[in-house]
Amino acid sequence: MPSVHPLLNADLHCHSTVSDGTLEPEALAARARARGVELWALTDHDEVSGLVRARAAARQLGLPWLSGCEISVSFASVTVHIVGLGFDADDVALREGLARTRSGREARAREMAAGLAQVGIHGAFEGALPYVGNPELISRTHFARFLVERGHCADTGEVFRRYLTEGKPGYVEHRWAKLGDAVRWIGDAGGIAVIAHPARYKFTPTEEYALFSEFKAHGGRGVEVLTGSHSAAEALKYGEMALEFGLLASRGSDFHSPEESRTDLGSLPDLPGRLTPVWQALADRVEWPAQ
Ligand code: AMP
Ligand code: MN
Ligand code: MN
Ligand code: MN
């Protein structure tokens, strides 16, 4: 088995048109390769149907590859994202769990559109649809792109701030998967569960400690230390948390789109040396290109 160097340029978090990214899986694989990524995982929201294409593209490019997904979870009334890596993508319980997690999205999107209509933005459901690549995965991001196209806001960040976050007209409370279920689906399918971008959640220190403790108790094994949404100080903080909780450290850009994402594929700094990279525990799950 090829060795997995701790300083490998791994990018284990990004999105394609199968969820709310703007590039097809093949284009993402090519971009990852061109930008020097040495181990790549596509992690679409609540969905593994892009993985067959991602794997084939990676193989053709000689790019080492891991299966991946990003599961939406409700924890203490906050939406938390759990990345799964290196699982068997044909696992039935995982696929059924993800299908259930996706199933409320269309009704939620219609409610979001109704909320936006109340502030004078009409036809948002139909307007978002042309941006949707997977009918089972209508996301807030697709609404954001429509609102930018219509000139309501200058960019998607502004749409989220003004319309799509808690207390704003297009925000709809939603119940996603349970933390323990998501961690179990990934673990039982042979993969490793990772807390995605921990600095993004609005938790008190006590709630954050509860998330890490419960995640670990359910069998969760990793945390993203380096992501496109962490500052240098946040990366330091979650590196310390990884050590405190005995978690493996992950690294991923969370790239969605050349036009929208600030952090491109393969452009994060190296993980600090005292952390154990998640890919060291996944060496036997990586698909290495034929020599
Ligand atoms: P959803 O799963 O439909 O709730 O959409 C969540 C997605 O919205 C995230 O994965 C991000 O891609 C995007 N998102 C969330 N917050 C923001 C933000 N403040 N600015 C831009 N995109 C965001
Ligand atoms: Mn997203
Ligand atoms: Mn996320
Ligand atoms: Mn993501």
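The values are calculated or read from the model by the stated rules, or taken from the named source; none is laboratory data. This structure is a prediction, so every number in the text was calculated from the model and none was measured. Glycine gets a Cβ as well: all are built from the backbone with ideal geometry, and neighbour counts include every protein chain shown.
Worth pointing out:
- Members of segment 127-147 found to be within 11 Å of ligand 1 (Cβ to nearest atom) and either surrounded by fewer than 18 Cβ atoms within 10 Å (Cβ to Cβ) or polar (S, T, N, Q) (or both), listed by number: Ser139, Thr141
- All positions within segment 156-206 that are in contact with a strand residue (DSSP E or B) (Cβ under 7 Å, 6 or more places away or on another chain) and within 11 Å of ligand 1 (Cβ to nearest atom): Trp176, Ala196, His197
- Test result for Gly68, in contact with a Ser or Thr (Cβ under 6 Å, 6 or more places away or on another chain), without any contact (Cβ under 8 Å) to a residue 60 or more places away in the chain and either over 30 Å from Ala10 (Cα atoms) or in the same structural domain as Arg262 (by TED's automatic domain parsing) (or both): yes
- Filtering segment 250-267 to residues that are away from ligand 2 (no atom under 15 Å from the Cβ) and either crowded, with 23+ Cβ neighbours inside 10 Å or outside the structural domain of Thr227 (by TED's automatic domain parsing) (or both) leaves Ser250, Arg251.
- Residue count for segment 11-48 under the criterion of being closer than 28 Å to Phe146 by Cβ and without any contact (Cβ under 8 Å) to a residue 12 or more places away in the chain: the result is 1.
- Single residue of Val52, Val48 found to be buried (at least 22 other Cβ atoms within 10 Å of the Cβ) and among the β-branched types (Val, Ile, Thr): Val48
- Residue match in segment 20-29 (condition: within 16 Å of ligand 1 (Cβ to nearest atom) and aliphatic (A, V, I, L, M)): yes
- Any hit, segment 49-58, residues being basic (Lys, Arg) and without any contact (Cβ under 8 Å) to a residue 60 or more places away in the chain: yes
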